[in-house]
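Read-outs throughout are calculated quantities, based only on the coordinates presented, and are distinct from any laboratory measurement. Predicted model, so just to flag it, every value in this text is computed and none were measured. Counting neighbours? That spans all protein chains shown, and the Cβs are built from the backbone with ideal geometry, glycine included.
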Amino acid sequence: MSFLNRVLRARALSSTETLLFVSRPFSSSSCVNSGTDLQLGASFPTKPPSSLTKISKDRNVQWVFLGCPGVGKGTYASRLSNMLGVPHIATGDLVRDELASSGPLASQLAEIVNHGKLVSDEIIINLLSKRLEAGEAKGESGFILDGFPRTIRQAEILEGVTDIDLVVNLKLQEEALVAKCLGRRICSECGGNYNVACIDIKGENGSPRMYMAPLLPPAHCESKLITRPDDTEEVVKERLRIYNEMTRPVEEFYRSRGKLLEFNLPGGIPESWPKLLQALNLEDHDDKQSAAA
C-alpha cells in the first residue's frame, strides 16, 4: 500500500464525521455567473497559467475539479484525463460502483444516495484509497479528482498527503444547472449518460445568450433510458442547501493558496471546451487533427 493510501485510510479511521455528498450537489450561489467573471470567463490562480504546461511535462498532473452536479465536471475532467494520460477518479462513480456490486455497503449507501444525505469520510476515503491502490498496481500516476474534496476537512486531509497542482472550479447559471440535473438520463443497458434538456437562456444585463443542445441517445438506447433516483426536485433542493453550507469554504481554501481557477462555462461543449483549454494553457492536438481532416 502506498504512503498516500496508508495516510488516507488512517485519517478516515480517525474520523466519525459525516461530511461528503454521494449524490452530486449544486449551488444557487457559488456556481452562478455574475459580473465581470461572466465576461472574462475565467479567474486565474496566483500561479500564472503558463506554468500549467510545465507541470504536465515535469510529472503527471494532480488536479481537482470542483463544481455542482450537472455543471459538467465529469465531462471535462474525463476529456482532460484522456488528453493528459492521467486517470479521472470520480468519487460519485466509486459509490455507484459499490452500489452496483451488492457488497456490504450497498444497502447503506442506497439509503444515503436516495435521500440526498451525506456519507462519512471513512467510507468515501476508503473507497478512494482502494481505487488509488488498484491504479498504482496498474502503473498509474497522477490523477484528476472529481467530487473530492467537498469539505475543508477533506481538503486538509488531501493536502496533508499529496501536492495538488490546480483546482478547477466550474460554474454555470443556476437556471441551466437545474435544467441539466432534471434532464439527465442513463441507458439501463449500456450505462451511457445522456441529457434530454434543451437549454436556451436569453442573456440579460449585457450577458450573452446561453444555448446548450440536448445530448440525445442513439436509437437503440432511446427506449432504455432511466432517471437516477436522486435527480428529483426534492433531493436537488436538499443538495443545494447542504452544498452551499459545506462546499463554498473549500473554494476559499484553495483560493487562499493560489490554486483555484474559476471557469464560467459559456455554453455547451463546443463553446466551452476550447475556452477551458485556453484557460489551462493547453492544446488539444486530436481536435486540431480532426478539424484538419
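Observations on the structure shown:
- Tensor-based shape of the range 123-220 (alpha-carbon gyration tensor, a/c under 1.5 rounded, otherwise prolate or oblate): oblate
- About the Cα centre, charge dipole magnitude for the range 53-184 (Lys/Arg +1, Asp/Glu -1 at Cβ), debye: 420 debye
- The length gained by stretching the chain between Y211 and K237 to full extension, at 0.36 nm per residue less their Cα-Cα distance, is 7.0 nm.
- In loop segments of the range 184-260 as defined by DSSP, the trypsin sites (Lys or Arg not before Pro) with at most 15 further C-beta atoms inside 10 Å of their C-beta are K202, R209, R257.
- Computed label-point distance, nm, for sites A110 and T162 using a 7 Å Cα→Cβ extension: 3.1 nm
- At full extension, S102 and N281 could sit 60.2 nm farther apart than now, given 0.36 nm per residue minus the alpha carbon distance.
- For S188 and E140, the difference between the fully extended length at 0.36 nm per residue and the C-alpha to C-alpha distance is 14.3 nm.
- Here the range 115-196 is assigned +1 on the Cβ of each Lys and Arg and -1 on the Cβ of each Asp and Glu. Its dipole about the Cα centre then comes out at about 440 debye.
- Cα gyration tensor category, rounded, prolate or oblate, for the range 168-293 with a/c compared to 1.5: oblate
- Cross-link pairs beyond the 18 Å C-alpha cut-off, checked among K73/K117; K117/K180; K171/K275; K117/K171; K202/K275: K73/K117; K117/K180; K117/K171; K202/K275
- Each label point was placed 7 Å from the Cα along the Cα-to-Cβ direction; for E222 and E252 their separation is 5.0 nm.
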